[in-house]
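Working notes, structure below.
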Amino acid sequence: FEIPSVAALCWDNLSEFNSMESIIPLWYYLHANDSSELEIKVLNLSTALDILSNHKDFEEDGRIEDNLSVLISRLKDEVDSSKISCEQKDKLKDTLSKWGPKGTIDKLINFFHKMGFIKKGYETHAHRRIRYINSIRNKIIHSGKPPLIRGFTKEMSEQIIAHTAASVIPGVIRLFIARKFKICGLKWLEDDLDFITEYISSGSWDGWEASH
């Protein structure tokens, strides 16, 4: 009975997918499912996750004002035209950059918080795990190989990466899609939420510890 009712709900809420930032992650998700290659899955799913972390639904409160961005740009120009050393210029511009818009990791962490995947009191461990998920994508893009996890054998690292690519990231994207379609109360969605929250917050799944 679930399939017809879910299909009808999706049709009724199709208008929620009214922008490319909502449609493209679904496209990458479907293409990831079509591939049996781990690297291709990771790249497709990570791209979808990058787009979602920049989605307007997850913009942080108190976003940087346009006039502050202009001021930061002018200050950087002042630093560049000054007579201080190059090393001092780099340090000052780096400091100024920290006042600007959030970076990729910050946006990804904010996305996981707003999706409700991080238990209260587990923030430090969860943020480390989110950084690891991002590092998988970066390592594959730059070297063609997934990263090894410190303290784990190569075989165990590959298992965790495969699990992340096959279960964690797809589950995150499925939950986003379900929320856009206003689908709720289904057991498989609740299972996805419980599974992802447990993994991101505690580093475990199905009773197996993977505290990386």
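The values are calculated or read from the model by the stated rules, or taken from the named source; none is laboratory data. What you see is a predicted model; the values in this text were computed from it and never measured. Virtual Cβ from ideal backbone geometry, glycine too; neighbours counted across all protein chains shown. Keep in mind that these areas ignore ligands, DNA and RNA; they rest on the heavy atoms of the full protein, side chains included. Shrake-Rupley method; radii C 1.70, N 1.55, O 1.52, S 1.80 Å.
Here are some notes:
- For the range 194-212, filtered to residues that are open to solvent by less than 70 Å² (accessible area, probe 1.4 Å), outside any helix (DSSP H, G or I) and hydrophobic (A, V, I, L, M, F, W, C), the residue that is modelled with the lowest pLDDT is Ala210.
- Pairs meeting the criteria (first residue in the range 104-132 and closer than 19 Å to Glu190 by Cβ, second residue of a type in the set (S, T, N, Q), beta carbons under 6 Å, at least 6 apart or on different chains) are Phe117/Thr197; Ile118/Ser201; Lys119/Ser201.
- Total residues in the range 134-165 satisfying the condition of being buried (at least 16 other Cβ atoms within 10 Å of the Cβ), among the aliphatic types (A, V, I, L, M) and out of contact with any Leu (no Cβ under 8 Å at 6 or more places or on another chain): the figure is 3.
- One residue stands out in the range 73-132 among those that are among the hydrophobic types (A, V, I, L, M, F, W, C) and more than 19 Å from the chain's Cα centre (by Cα): the one that is nearest to Gly171 (Cα to Cα), namely Trp99.
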